[in-house]
Amino acid sequence: MTKHDVAEMPLDDDITPDATTGSVPAPASLIPPLDRTAVLLDIDGTLLDLAPTPREVWVPPELATTLRQLHERTGGALALVSGRSLNDIDLIFAPEVFPAIGGHGAEMRLQPDSEAVAAHAPPLDKELKRRLAAIAKLSPGILLEDKGYSLALHYRLAPQAEKAIYEAVSLIRAELPNAPIEVLPGKSVCEIKHSGFTKATGVLELMTHEPFRGRRPFFIGDDVTDETVFAIMPDYEGLAFSVGRRATGVAGHFDGPSDVRAFLARLLEDDRDASLS
């Protein structure tokens, strides 16, 4: 593997950004055999390169093949873990359908052909949503995305509006101090959701169901919202990897989504070779 695969980082919360890094062994030496593993993957900025708008992301054909094969080799214990809704995830990966946690833990699907499992996550209040949506009028280029359980304000096309967006959100929160909402800062996006559920609560629920139950998971994510999942991986003797940055408490990091895709493809090869040996 090259220096652009996964950079080694000790499981140490005190690790500093300038810590020495190097290449790590092949995936098979990190990850248990796939028939004992649960594969948990964020989408945007992890599997897929970020795009100017959420609708412009592109799924490389080889990634769809890799995910399909990982789903088969793990006996179905592969899940996408995203802030996107399940419907949006399916549109992106069509015609493929995978188990998934959507809406930052608001909804879940255990099998490709099963119905979504409600996570008892209430949608945002309509009046609150209306007030938050009006923030998009602050500047041309701010894109509003209504996810039902959350509202996202994308400003990749209007980076100068970042401060104004967060100030407007803070003002609304100050006026409604009892509103059960949480602000999720992301990469050129400010997302507001109902409090009480996270990606981690979704993963905790997922891991109680077959075929995920009893397996050792690994999770790869890139954003602040993924840190809740990083934190619970040790509870399952699992591993966490960050993308684009050296997050606290992870086993290693990738430079970008292309490196994640290469790692997953190599993981399949290593597991296949191990099963033949």
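The values are calculated or read from the model by the stated rules, or taken from the named source; none is laboratory data. Quick caveat: nothing in here was measured; it's all calculated off a predicted structure. Positions of Cβ are generated from backbone atoms using ideal geometry, with glycine treated the same way; all protein chains shown enter the neighbour counts. Heavy atoms of the whole protein, side chains included, go into the accessibility calculation; ligands, DNA and RNA do not. Shrake-Rupley method; radii C 1.70, N 1.55, O 1.52, S 1.80 Å.
Below, the figures for the structure above:
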| read-out | value |
| --- | --- |
| Share antiparallel - DSSP beta bridges, the chain, percent rounded to 5 | 55 |
| Mean accessible surface per residue for the chain, computed with a 1.4 Å probe while every protein chain stays in place, in Å² | 46 |
| Three semi-axes of the equivalent ellipsoid, the range 126-194, Cα gyration tensor, whole Å, largest first | 18, 12, 11 |
| Hits among lysines - C-alpha to C-alpha of Lys163 under 21 Å, sequence gap 8 or more where chains match | Lys129, Lys137, Lys187, Lys193 |
| For Leu239, residues with placed amide H under 5 Å, excluding near neighbours | Phe218, Phe219 |
| Label point distance in nm, Leu91-Asp49, each placed 7 Å from Cα along Cα→Cβ | 2.2 |
| Whichever aspartates and glutamates have a C-alpha closer than 18 Å to that of Lys126, once near sequence neighbours (fewer than 8 apart) are set aside | Glu145, Asp146, Glu175, Glu182, Glu191 |
| Principal axis dimensions, the chain - Cα atoms, whole angstrom, descending | 63, 44, 34 |
| Computed over the range 126-194: relative contact order in percent, which uses C-alpha pairs under 8 Å that are six or more apart | 31 |
| Fraction of accessible area attributable to carbon and sulfur, the range 138-242 (%, probe 1.4 Å) | 55 |
